[in-house]
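Colleague: Sending over a structure as C-alpha cells; questions will come in a sec.
The values are calculated or read from the model by the stated rules, or taken from the named source; none is laboratory data. The shown structure was predicted, so the numbers you read here are calculated from the model rather than taken from an experiment. Neighbour counts are summed over all protein chains in view; Cβ atoms, including those assigned to glycine, are modelled from backbone coordinates with ideal geometry.
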Amino acid sequence: MKIGIFDSGIGGLSVLHRARKMLPGAQFIYYADEKHVPYGERTPEEIRVFIGEIFGFMIEKNAEAIVIACNTATSAVTREYRSSFPVPVIGMEPAVKKAVDLYGGGDKRILVAATPITIKGEKLHELVERVDKHNMVDLIELPSLVRFAERGMFDSPEAEAYLRDALRGYDTAGYGTVVLGCTHFNYFKRTFRRIFGGGIRFTDGNEGTVKQLKRLLPRLPASDEPGGAEIYFSGVRAGAEQEEFIARCMAQLDSVFEIE
Ligand code: DGL
C-alpha cells in the first residue's frame, strides 16, 4: 500500500510525520516540488499545471491515495478535479472550524495565518463566513515564513524578526489561537509562542487530514513500525544531502509535536 503525499516543499512533511505515527505499516511517497516553491506567491493557473504533473507522477508510481499536503494547492483546485482521479485525493484547508469549535467561546481572537493565495482564495472566505458566527477570526498572509522554512531557518532570529514585523498592526495579546493555515508554518510554533506568549494555542489540518486518509484506505498490514518513505524533489529521488535536510526537518517537527 503506497500513499502519495505532496507539497510545494518541506511543509507537507508535517503531514507525513503524523501519518507515519498514525498509519504504521503504510509506505509513503513524498513529493516536494522544490523546483516551483513557493506556491503561495504564484497564480492558481500555474499551480494547477504543477499539480497535474505531480498527480501523473503519483499515479505512475502506483500511489493508491494522494494527499495534497498543501493548503495553497488545495485552494487552487476544485473538488470535481480531485474526484476525477482513479484514486482517492485528500486535500487540506486551514483548521478554522477546529479553532472556532475548540477555542472560539472565550474573548480571545483567532488568527488564521497562511500564504497569499490561500488568504485571498474564495474557499477560505466561504469557510470563515460559515463558521465564524461571532466575528472572532482575523487573517494574515505570511509568505516569507515559507522561504525561511525552505532554508532550514526554523526558530531563527531572522524568521522571528520577520514575524514580529508582519504582526506590527495586530494586538498579539488579544489572540488566543493561531491557525497554522500553511503546512510550512508548523516549523515555527516556538517562534509564534515567543511573540504571542506561552498560552497561545495552535490548530492545523494535519490530524484531520490523516484521519480522513485512514477512513478511505483499506485495512493496512499490522505493524508497530512507522511506515517508510521515498522522498522525491520535483520528480527526482532525493540525494544524500537532501535526505539529510529532510532528517533535520523531521527532527524539528518532532521537537514541536507536543506544542498545541
Ligand atoms: N505548504 C504550503 C501550504 O500549506 C504552501 C507553501 C508555499 O507557498 O509554497 O499552503
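Colleague: Would you say ASP101 is outside any loop (DSSP other than H, G, I, E, B), surrounded by fewer than 17 Cβ atoms within 10 Å (Cβ to Cβ) and not aromatic (Phe, Trp, Tyr)?
Modeller: yes
Colleague: Take the residues of segment 65-100 that are within 12 Å of the ligand (Cβ to nearest atom) and among the aliphatic types (A, V, I, L, M): which is nearest to the chain's Cα centre (by Cα)? Full working, then the answer.
Modeller: Just the residues of segment 65-100 that are within 12 Å of the ligand (Cβ to nearest atom), to begin with: 67-76, 91-95.
Of the ones still in play, those that are also among the aliphatic types (A, V, I, L, M) are 67-69, 73, 76, 92, 95.
On the way: VAL67: 11, ILE68: 9, ALA69: 5, ALA73: 10, ALA76: 14, MET92: 7, ALA95: 10 Å.
The qualifying residue nearest to the chain's Cα centre (by Cα) is ALA69.
Colleague: Filter segment 230-249 down to the residues that are part of a loop (DSSP other than H, G, I, E, B) and either over 19 Å from the mean Cα position of the chain (by Cα) or closer than 21 Å to PHE154 by Cα (or both) and list them by number.
Modeller: Within segment 230-249, GLY235, ALA238, GLY239 qualify.
Per-residue answers, yes or no, for (1) near the ligand (Cβ under 9 Å from one of its atoms); (2) farther than 24 Å from ARG151 by Cβ; (3) outside any helix (DSSP H, G or I); (4) touching a strand residue (DSSP E or B) at 6+ places or on another chain (Cβ under 6 Å):
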site	(1), (2), (3), (4)
GLY40	yes, no, no, no
ARG48	no, yes, no, no
PHE55	no, yes, no, no
MET58	no, yes, no, yes
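Colleague: A further question follows. Suppose we filter LEU142, LEU180, LEU167 for residues that are away from the ligand (no atom under 15 Å from the Cβ), buried (at least 18 other Cβ atoms within 10 Å of the Cβ) and either more than 14 Å from the chain's Cα centre (by Cα) or closer than 28 Å to GLY104 by Cβ (or both); which single one remains?
Modeller: The match here is LEU167.
Colleague: Then there is this: Can you say whether TYR175 is more than 12 Å from the ligand (Cβ to nearest atom), touching a helix residue (DSSP H, G or I) at 6+ places or on another chain (Cβ under 7 Å) and closer than 20 Å to PRO94 by Cα, as far as the supplied structure shows?
Modeller: Yes: the conditions hold for TYR175.
Colleague: Just checking, which of GLY227, GLY197 is in contact (Cβ under 8 Å) with a residue 40 or more places away in the chain and either in contact with a Cys (Cβ under 6 Å, 6 or more places away or on another chain) or not β-branched (Val, Ile, Thr) (or both)?
Modeller: GLY227
Colleague: In addition: Would it be correct to say that PHE185 is in contact with a strand residue (DSSP E or B) (Cβ under 7 Å, 6 or more places away or on another chain), crowded, with 22+ Cβ neighbours inside 10 Å and modelled with pLDDT of 95 or more?
Modeller: Answer is yes for this residue.
Colleague: Listed residues ALA114, ALA95, ALA99; which is among the small types (Gly, Ala, Ser), closer than 30 Å to PRO218 by Cβ and either modelled with pLDDT of 95 or more or touching a Phe, Trp or Tyr at 6+ places or on another chain (Cβ under 7 Å) (or both)?
Modeller: Answer to the selection: ALA95.
Colleague: I would also like to ask the following. Test of understanding: among GLU80, GLU64, GLU53, GLU45, which residue is without any contact (Cβ under 8 Å) to a residue 24 or more places away in the chain and under 23 Å from GLY235 (Cβ atoms)?
Modeller: Checking each option against the conditions leaves just GLU45.
Colleague: Would you confirm, using the coordinates I've provided, whether LYS214 is touching a helix residue (DSSP H, G or I) at 6+ places or on another chain (Cβ under 6 Å), charged (D, E, K, R) and either in a helix (DSSP H, G or I) or within 30 Å of GLY105 (Cα to Cα) (or both)?
Modeller: When the stated conditions are applied, LYS214 does not pass them.
Colleague: Have a look at ALA26, ALA19, ALA32 and point out the one that is away from the ligand (no atom under 14 Å from the Cβ), buried (at least 24 other Cβ atoms within 10 Å of the Cβ) and in contact (Cβ under 8 Å) with a residue 40 or more places away in the chain.
Modeller: Going through ALA26, ALA19, ALA32 in turn, just one is away from the ligand (no atom under 14 Å from the Cβ), buried (at least 24 other Cβ atoms within 10 Å of the Cβ) and in contact (Cβ under 8 Å) with a residue 40 or more places away in the chain: ALA19.
Colleague: For residues in segment 183-231 being within 16 Å of the ligand (Cβ to nearest atom) and among the hydroxyl-bearing types (Ser, Thr, Tyr), which is farthest from TYR39 (Cα to Cα)?
Modeller: THR203
Colleague: Another one. Filtering segment 190-228 down to residues that are small (Gly, Ala, Ser) and surrounded by fewer than 21 Cβ atoms within 10 Å (Cβ to Cβ), which residue is farthest from LEU253 (Cα to Cα)?
Modeller: Among them, the one singled out is ALA222.
Colleague: Another one. Output the number of residues of segment 112-128 satisfying the condition of being near the ligand (Cβ under 10 Å from one of its atoms) and surrounded by fewer than 20 Cβ atoms within 10 Å (Cβ to Cβ).
Modeller: The number of residues fulfilling the criteria is 1.
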